[in-house]
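The block underneath contains the structure these notes are about, expressed in structure tokens.
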Amino acid sequence: MGQTAVVTGSSRGIGRGIAVSLAEAGYDIMVNYSRNEDAAEDTAREVRDRGVEAGICQADIADTDQGRRLIDSTLDRFGRLDLLVNNAGIAPRVRADILEAESESYDEVMSTNLRGPYFLTQYAANWMIELKAAGKIDKGRIVIISSISAFAVSTSRGEYCVSKAGLSMMTALFADRLAEHGITVNEIQPGIIQTDMTGQVKEKYDRLIADGLNPIRRWGQPDDIGKAVAAIALGYLDFTTGAAIPVDGGFHLKRF
Ligand code: NAD
């Protein structure tokens, strides 16, 4: 059996792009979704079209018990877990100024974008340690999809920025702790990527991109992120851990 990856939130958007790129890299995929089973089936079909296996598992990753069930289902189905991609995430339902934003939105965003992935990673990492010791996997790899919002300020969605900055520290912590077990942990920081999440602000971003916000003047696409994850999955960054890798058309460059 080939290597196996779990990609959270892979029914659409960046998660689907990652699942397909990993399938092209030869990985079997556990597709995770929270609500839209038909969309998850579509991703699974695209994965199988690449000649590898796909399972699908409903689990709300904000709920730590459901996160555990996702990993358990992957092990039941594939007998191994080589790669966890923490991709699922949400934007605040309402963009509200940090002087007015509500604590309910903060709690919702933080539990989905940070608390859930934190404990999912803890659970998956413990399994990877066990699988490695048993000789069932060769290497463990964990990828965390954060954002340019880990460092770029947006005062109308503070909770999102805080959650993504938290993922950066989470990457560093798990990278340090897991290195002795041969497990790498890296963060990918997507820039502006064309998905449903950015659909509501498309015109605004069209303008910003045309005006040169990114040195590379185009929208990012889900497969731009998928290819970066595939590079890690294929072992091209095996001496890299705890890194924040920008895949953002150069957005992160300070220019004047
Ligand atoms: P999207 O809204 O199109 O897709 C997000 C996916 O995550 C959906 O399939 C959704 O169902 C799933 N999801 C959300 N909450 C979940 C939960 N509790 N449990 C399980 N699945 C859940 O968004 P996207 O643009 O594809 O974003 C994917 C990731 O990339 C997110 O973490 C997002 O913050 C990050 N990101 C996106 C952009 C961008 O410009 N689109 C930029 C930087 C970072």
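Can Asp76 be described as more than 20 Å from Ile225 (Cα to Cα), open to solvent by 50 Å² or more (accessible area, probe 1.4 Å) and within 13 Å of the ligand (Cβ to nearest atom)?
Values: more than 20 Å from Ile225 (Cα to Cα): yes; open to solvent by 50 Å² or more (accessible area, probe 1.4 Å): yes; within 13 Å of the ligand (Cβ to nearest atom): no.
For Asp76, the condition - more than 20 Å from Ile225 (Cα to Cα), open to solvent by 50 Å² or more (accessible area, probe 1.4 Å) and within 13 Å of the ligand (Cβ to nearest atom) - is not met.
Only one residue in Ser111, Ser149, Ser156 is away from the ligand (no atom under 12 Å from the Cβ), touching a residue at least 12 places away in the same chain (Cβ under 8 Å) and open to solvent by less than 50 Å² (accessible area, probe 1.4 Å). Which one? Spell out how you get there, then give the answer.
Details: Ser111 fails: away from the ligand (no atom under 12 Å from the Cβ); Ser149 fails: away from the ligand (no atom under 12 Å from the Cβ).
Going through Ser111, Ser149, Ser156 in turn, just one is away from the ligand (no atom under 12 Å from the Cβ), touching a residue at least 12 places away in the same chain (Cβ under 8 Å) and open to solvent by less than 50 Å² (accessible area, probe 1.4 Å): Ser156.
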Unmet requirement for Leu237, which otherwise passes all of (1) in contact with a strand residue (DSSP E or B) (Cβ under 8 Å, 6 or more places away or on another chain); (2) among the hydrophobic types (A, V, I, L, M, F, W, C); (3) open to solvent by 30 Å² or more (accessible area, probe 1.4 Å); (4) part of a helix (DSSP H, G or I) | (4)
Scan of the stretch 19-42 for residues that are of a type outside the set (Asp, Glu) and more than 9 Å from the ligand (Cβ to nearest atom), ordered by number | Ala19, Val20, Ser21, Leu22, Ala23, Ala25, Gly26, Tyr27, Ile29, Met30, Val31
Any chance you could count how many residues in the stretch 97-111 are assigned to a helix (DSSP H, G or I), over 13 Å from Cys161 (Cα atoms) and not charged (D, E, K, R)?
-> 2
Which ones in the stretch 184-216 are part of a helix (DSSP H, G or I) and either of a type outside the set (D, E, K, R) or closer than 19 Å to Gly242 by Cα (or both)?
-> Met197, Thr198, Gly199, Tyr205, Leu208, Ile209, Ala210
Taking the stretch 20-44 as the search range and keeping residues that are assigned to a helix (DSSP H, G or I) and in contact (Cβ under 8 Å) with a residue 40 or more places away in the chain, which one is most open to solvent (accessible area, probe 1.4 Å)?
-> Glu24
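Find the residue count for the stretch 115-146, including only residues that are open to solvent by less than 30 Å² (accessible area, probe 1.4 Å), farther than 23 Å from Ser103 by Cβ and either within 13 Å of the ligand (Cβ to nearest atom) or outside any strand (DSSP E or B) (or both). Spell out how you get there, then give the answer.
Kept after step one, since they are open to solvent by less than 30 Å² (accessible area, probe 1.4 Å), are these residues of the stretch 115-146: 116-117, 120-121, 124-125, 128, 131, 137, 140-146.
Remaining after also requiring farther than 23 Å from Ser103 by Cβ: 120-121, 124-125, 128, 131, 137, 140-145.
Adding the requirement that they be either within 13 Å of the ligand (Cβ to nearest atom) or outside any strand (DSSP E or B) (or both) leaves 120-121, 124-125, 128, 131, 137, 143-145.
Final tally of qualifying residues: 10.
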Could you say whether any residue in the stretch 169-183 is within 16 Å of the ligand (Cβ to nearest atom), open to solvent by less than 20 Å² (accessible area, probe 1.4 Å) and either under 25 Å from Gln66 (Cβ atoms) or part of a loop (DSSP other than H, G, I, E, B) (or both)?
-> yes
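Suppose we filter Asp211, Asp196, Asp248 for residues that are touching a residue at least 40 places away in the same chain (Cβ under 8 Å), open to solvent by 30 Å² or more (accessible area, probe 1.4 Å) and over 20 Å from Arg115 (Cα atoms); which single one remains? Spell out the reasoning first.
On the way: Asp211 fails: touching a residue at least 40 places away in the same chain (Cβ under 8 Å); Asp248 fails: open to solvent by 30 Å² or more (accessible area, probe 1.4 Å).
After ruling out the rest, the residue left standing is Asp196.
The values are calculated or read from the model by the stated rules, or taken from the named source; none is laboratory data. In this text, all values refer to a predicted model and were calculated from it rather than measured experimentally. Glycine gets a Cβ as well: all are built from the backbone with ideal geometry, and neighbour counts include every protein chain shown. The area values use the complete protein model at the heavy-atom level, side chains included, leaving out ligands, DNA and RNA. Shrake-Rupley method; radii C 1.70, N 1.55, O 1.52, S 1.80 Å.
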